Amino acid sequence: MESEQGTTVIRTELFVALCSLISTFLMFPTRRPGGWPIAVVVAVTSGAIFLLADRSRRGLWLLIGTGMLFLWAFPIAVATDALAFGIVPWIVLGVVSAFALNRVVFGLVRPVPAFRRQRRGLR
């Protein structure tokens with residue numbers, strides 16, 4: 001683990017990921033076997049976006065744009081029955097898993113990227 005530079009980033013983001021995983025498992029019945037492919041696709045896609053957001057301003061804007069698009073389209077898709085509400089926990093599980101894995105790999109195993117530390121106001 002890094003000394004002081006990325007420790008704040010690591011602790012904060014792993015805490016958020018852990019809380020999100022626990023609440024996902026407590027609030028939603030993720031025992032249905034059919035949702036795992038959705039979670040894997042979402043995890044790979046969001047993992048790539050998180051990876052890019054940690055390294056460049058373009059990646060950060062991609063993350064912001066994707067999040068805004070999702071926040072706009074998701075309620076409409078659920079309200080119009082274009083998206084089954086049963087896959088919501090799998091989508092959340094995929095995003096949170098990618099978020100946690102990104103911070104474990106680039107925080108515990110390898111150093112937090114310089115652009116990410118700079119965004120946080122660290123060296």
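Per-structure values
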read-out: Potential lengthening between Ser56 and Ile22 on full extension [0.36 nm per residue; Cα-Cα distance subtracted]; value: 9.2 nm
read-out: Rounded tilt (10° steps) of 57-79 against the dominant C-alpha axis of the chain; value: 20 degrees
read-out: Angle between the chain longest axis and helix 36-53 axis [Cα atoms, degrees, rounded to 10]; value: 30 degrees
read-out: C-alpha center-to-center spacing [segment 81-110, segment 54-69] in angstrom; value: 16 Å
read-out: On Cα atoms only, tilt of 88-105 relative to the major axis of the chain in degrees; value: 10 degrees
read-out: Label-to-label distance, nm, for residues given as Leu108 and Ala79 (7 Å Cα→Cβ offset); value: 4.0 nm
read-out: Translational diffusion of the chain, µm² s⁻¹ [Kirkwood Rh, Cα pairs; Stokes-Einstein; 4 °C; 1.567 mPa s]; value: 84 µm²/s
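None of the figures in this text is laboratory data; all of them are computed from the coordinates on show. Nothing here was measured: the structure is a model prediction, and the numbers come from that model. Counting neighbours? That spans all protein chains shown, and the Cβs are built from the backbone with ideal geometry, glycine included.
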